[in-house]
Amino acid sequence: MTASLSQQGATSGESSQEAEARGHKIRRRALTLLIIGLLIGVPAGYLVISAAQSRDSGKDKEAKYAATGLTRDWPSKVQRRLYQVPMPHPSGMVASYETNNWKTSRLYVQFQTPLRNLDVFLHDMGVSRADLKKDDITISARDQKITGWNFTRPGPWYGLTHKQKSPKPTQDVVVNLANARNPFFYVVSRTVP
């Protein structure tokens, strides 16, 4: 008797499930496919975008660290702070290059800025205009060769060496005042790690 009851219940429930199941089944399957597609597609899309950004970032860093001379770009804020090179704003024709080895690390920077920034730059570095000496090319021949700087063009040229107690960097600065309204600065800041 129990077996017949369960069969009867199943028979009467099947007809109502069949009528309802056809439309629900299609919607449920479509919703399931959509959810599965989103669960797979969203992370896959994220991985593709992330991989492309990571690859591009690596190429930029590779180009930066593969440079063998001055590159037309501002030194990073970290470099400017570490080497104590206060870049005045506005500045143009900016180029920089960093070298590191076990003995000495150097940051080479060149830029052109309005004359009003001369005193600002020197003050921020911890020196004054009085420390500049006419025709004193303080940047060594070795550093000139690395950067390709040539201090034989028309001047007047002024230079100074700002020595500081280690671990603070020592800076060699050369200023070309051929364009009196917009002097050109050359800076080599070196530190011993």
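The values are calculated or read from the model by the stated rules, or taken from the named source; none is laboratory data. Only a predicted model underlies this, so the values are computations on that prediction, with no experimental measurement involved. Glycine also receives a Cβ, built like all others from the backbone with ideal geometry; neighbour counts cover every protein chain displayed. Note: areas computed on protein heavy atoms with side chains; ligands, DNA, RNA excluded. Shrake-Rupley method; radii C 1.70, N 1.55, O 1.52, S 1.80 Å.
See the values below:
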| quantity | calculated |
| --- | --- |
| Test set (1) in contact with a Gly (Cβ under 9 Å, 6 or more places away or on another chain); (2) open to solvent by 10 Å² or more (accessible area, probe 1.4 Å); (3) in a strand (DSSP E or B) - Arg190 fails condition number | (1) |
| Total residues in region 165-176, condition at pLDDT 90 or above and open to solvent by 40 Å² or more (accessible area, probe 1.4 Å) | 1 |
| Residue that is nearest to Gly126 (Cα to Cα) [pool: residues in region 142-164 that are charged (D, E, K, R) and open to solvent by 30 Å² or more (accessible area, probe 1.4 Å)] | Lys163 |
| Region 112-141: number of residues that are of a type outside the set (Val, Ile, Thr) and in a helix (DSSP H, G or I) | 13 |
| Candidates Gly148, Gly159, Gly92, Gly155 - the one that is within 18 Å of Leu70 (Cβ to Cβ) and touching a Leu at 6+ places or on another chain (Cβ under 8 Å) | Gly148 |
| Criterion (touching a strand residue (DSSP E or B) at 6+ places or on another chain (Cβ under 8 Å), outside any strand (DSSP E or B) and surrounded by 16 or more Cβ atoms within 10 Å (Cβ to Cβ)) met by exactly one of Val94, Val85, Val109 | Val85 |
| Search result, residues across region 180-193 that are under 19 Å from Phe111 (Cα atoms) and modelled with pLDDT of 90 or more | Arg181, Asn182, Pro183, Phe184, Phe185, Tyr186, Val187, Val188, Ser189, Arg190 |
| Search result, residues across region 68-82 that are assigned to a loop (DSSP other than H, G, I, E, B), open to solvent by 50 Å² or more (accessible area, probe 1.4 Å) and of a type in the set (Ser, Thr, Tyr) | Thr68 |
| Region 49-60 residues that are at pLDDT below 70, paired with ones that are assigned to a helix (DSSP H, G or I) (beta carbon under 7 Å, 6 or more apart) | none |
